[in-house]
Every structure is written in structure tokens, then in C-alpha cells.
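The values are calculated or read from the model by the stated rules, or taken from the named source; none is laboratory data. From a predicted model like this one, the values you see are computed outputs, not experimental measurements. Heads up, the Cβs are rebuilt from the backbone with ideal geometry, glycines too, and the neighbour counts pull from every protein chain shown. In case anyone asks, the SASA skips ligands and DNA or RNA and just uses the protein heavy atoms, side chains included. Shrake-Rupley method; radii C 1.70, N 1.55, O 1.52, S 1.80 Å.
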Amino acid sequence: REEQAVRGLVAGLGLEQRVSFLGPIPPAEVARRMQRCALVVLPSRRESFGAVLVEALACGTPVVATRCGGPEDIVTDEVGRLVEPDQAEALAGAIDDVLGGLETFTPADLRAHALSRFGVAAARERLARLYGGVLAAV
């Protein structure tokens, strides 16, 4: 139902020539497409984490997202912009800001940010600290 609603919105706005519905694609192809993007935008009202933001950063692509839970743990001014939900003008301004300063978002730095905070080594370290604390308390 949600897909049909979005398709209807796209048609109603006359955007059929600018919006593509790709359906399921393999993860490697998703990564290739993200690498070709100028930025990834996640304008959610609620996100428990926002894994797509980490994935975009790991692909070297800057991000724009809303402050809606999880993105605040991922997005800094060094990797993109955060705005309040349901603020279309602020979202547009953040998109313009990132697009106007793309040279400041180097793919290697974006990837390093993602891996240092959310990569396997970082997750392993956090889990080791967590379990170490639990075991020390026993």
C-alpha cells in the first residue's frame, strides 16, 4: 500500500520522468549506486538507527537526515547535515548546503568516519566493553 501511495504521489506531482522505482537489487549494486550519488537524503519522522546513512558514508557519500532518533548518532557536520523533521525548507537548505560544499566531503574521510564508529572493529570493541562490564559486576 505504501508503495502505491508513493507512486500516486509521484504521478500527481508529474515526476514520473525524474523518479525511478527499482525494486529489489543486490547489495553490491546498491553500494555502486550510492557511490555515484552526490548525497543520500533520509527525511524520516522516526528512525531507530538509520543504517542507510552508515552505508552511504561507507560508500563515500555525504548525507542529509532529520533529527528523529537514530541519525543523531551517525551524522555530524563533517559528514553531512541534520534538520528537524517536517521542515521542508530546512531540508532543502541542508541539501543545498551539502551540494554547494561537496569538495569538503572527501569519500575517504566519509568512509573512515563510518568504519571508525560503526565498522566491525568498532562494534567488537563496544561489545567487549559491554560484556567486560557485565562480567566484572558478577
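Filter the range 80-92 down to the residues that are open to solvent by 40 Å² or more (accessible area, probe 1.4 Å) and more than 9 Å from A65 (Cβ to Cβ) and list them by number.
Within the range 80-92, E84, D86, Q87, A88, E89, A90, A92 meet the criteria.
Please go through the range 43-55 and pick out each residue that is under 17 Å from G119 (Cβ atoms), surrounded by 14 or more Cβ atoms within 10 Å (Cβ to Cβ) and of a type outside the set (V, I, T).
G50, L53, E55
Hey, can you tell me all the residues within the range 49-97 that are under 19 Å from R36 (Cα atoms), small (G, A, S) and in contact with a strand residue (DSSP E or B) (Cβ under 6 Å, 6 or more places away or on another chain)?
A56, A65, G80
Residue under question is R7, and the condition is that it be touching a Phe, Trp or Tyr at 6+ places or on another chain (Cβ under 8 Å), open to solvent by 80 Å² or more (accessible area, probe 1.4 Å) and free of Cβ contacts under 8 Å to residues at least 40 places away in the same chain; does it hold?
Yes.
Do any residues in the range 39-50 that are free of Cβ contacts under 8 Å to residues at least 24 places away in the same chain and polar (S, T, N, Q) have Cβ atoms under 8 Å from those of residues that are open to solvent by less than 80 Å² (accessible area, probe 1.4 Å) and assigned to a strand (DSSP E or B), where the two are at least six apart or on different chains, and which pairs are they?
Qualifying pairs under 8 Å: S48/G69.
Which residue pairs have Cβ atoms closer than 9 Å, lie 6 or more positions apart in sequence or on different chains, and pair a first residue in the range 11-29 that is loosely packed, with under 10 Cβ neighbours inside 10 Å with a second residue that is of a type in the set (V, I, T)?
R18/V10; F21/V6; F21/V10
Any residue in the range 67-74 that is within 24 Å of E3 (Cβ to Cβ) and at pLDDT below 95?
yes
A58 fails exactly one of the following numbered conditions: (1) open to solvent by 80 Å² or more (accessible area, probe 1.4 Å); (2) within 23 Å of P27 (Cβ to Cβ). What is the number of that condition?
(1)
Could you tell me which residue of the range 98-138 is least open to solvent (accessible area, probe 1.4 Å), considering only residues that are in a loop (DSSP other than H, G, I, E, B) and farther than 20 Å from R36 by Cβ?
G119
What residue, of G93, G80, G100, is out of contact with any Cys (no Cβ under 7 Å at 6 or more places or on another chain) and touching a residue at least 24 places away in the same chain (Cβ under 8 Å)?
G80
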